[in-house]
Structure formats: C-alpha cells, structure tokens
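These notes are about the structure you will find just below.
The values are calculated or read from the model by the stated rules, or taken from the named source; none is laboratory data. The structure displayed is predicted, hence computed values, not measured ones. Here the Cβ is made from the backbone with ideal geometry for all residues, glycine too, and neighbour counts use every protein chain on show.
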Amino acid sequence: MYALERMGSVCVVRMCFNELGLEQREFLKKELYTLLQTGDKYFVIDLSKVGFISSLVIALVVFFSKEARKNEGEIKLCGLSSEGFSIFQLTQLDKVFELYETEHDALESFKRIH
C-alpha cells in the first residue's frame, strides 16, 4: 500500500494502490501520523503508482498536510498523472501544495530551502 524511504531529513512516502478504500485510508492516516509523532517533518508523497485520485486520497493528503504544518513540517507531492493533476487544479489544491513531476525534483526543492 505504501513504501517509506528516508533521504536525509526527508521521508519519501511512495503510495501504491489502484483505489483507496475507507479502511485503507484510516490505516494510512494512522501510519503517517505516527511518522509525525516520531519527529519526522519533511515529506515527499509520491503518487505515481496511485491508479485513481479519489476524494479519499485528497482527504488523506489534506489531513496529513495540516498535521505536518502544526509540527512545522512540510509536504510536497510528486508523480501525479495528468488526470490527478487536473483534479488538483479543479479543486485549487495546486495552490496549496507544491506539485512536482518527479520524486527527484521534489527532493531537490527541499535542498533549496533547508
């Protein structure tokens, strides 16, 4: 469902599912929240292996972003399909999140500010 890799001070969370169900969303919510509680602050969420960006996926990302910001953290997204990118544009979430084509680009953006 997801893989985690630490790249310096940044946690890369690679999501991997076709469609997110309610139970899976709750599981991921707890897992991501645990990362925040252990002190991680900077995240790249790679959505390149997500088949369908549903409202459950968006709700998960928004929740995690709010929690990270409470802890002075930051989240950047990468790997959105063209359809996923359109959804973020339509919901104007492209103004809330920094969106990158690749994981490398998202990681590089952290180097510029940290």
Does residue 106 fit the bill of being in contact (Cβ under 8 Å) with a residue 60 or more places away in the chain and either part of a loop (DSSP other than H, G, I, E, B) or buried (at least 19 other Cβ atoms within 10 Å of the Cβ) (or both)? yes
When residues of the range 16-34 are filtered for being touching a strand residue (DSSP E or B) at 6+ places or on another chain (Cβ under 6 Å) and under 18 Å from residue 65 (Cβ atoms), how many remain? 0
Any idea how many residues of the range 9-34 are surrounded by fewer than 15 Cβ atoms within 10 Å (Cβ to Cβ) and either over 13 Å from the mean Cα position of the chain (by Cα) or part of a helix (DSSP H, G or I) (or both)? 12
Does residue 41 satisfy the criteria of being among the charged types (D, E, K, R) and exposed (fewer than 13 other Cβ atoms within 10 Å of the Cβ)? no
Of 75, 87, the only residue that is under 22 Å from residue 17 (Cα atoms), part of a helix (DSSP H, G or I) and of a type in the set (A, V, I, L, M) is 87
Take the residues in the range 35-68 that are assigned to a helix (DSSP H, G or I) and aromatic (Phe, Trp, Tyr); name whichever of them is farthest from the chain's Cα centre (by Cα). 63
Filter pass, residue 55 being at pLDDT below 95, of a type in the set (S, T, N, Q), closer than 16 Å to residue 88 by Cβ and surrounded by fewer than 13 Cβ atoms within 10 Å (Cβ to Cβ): yes
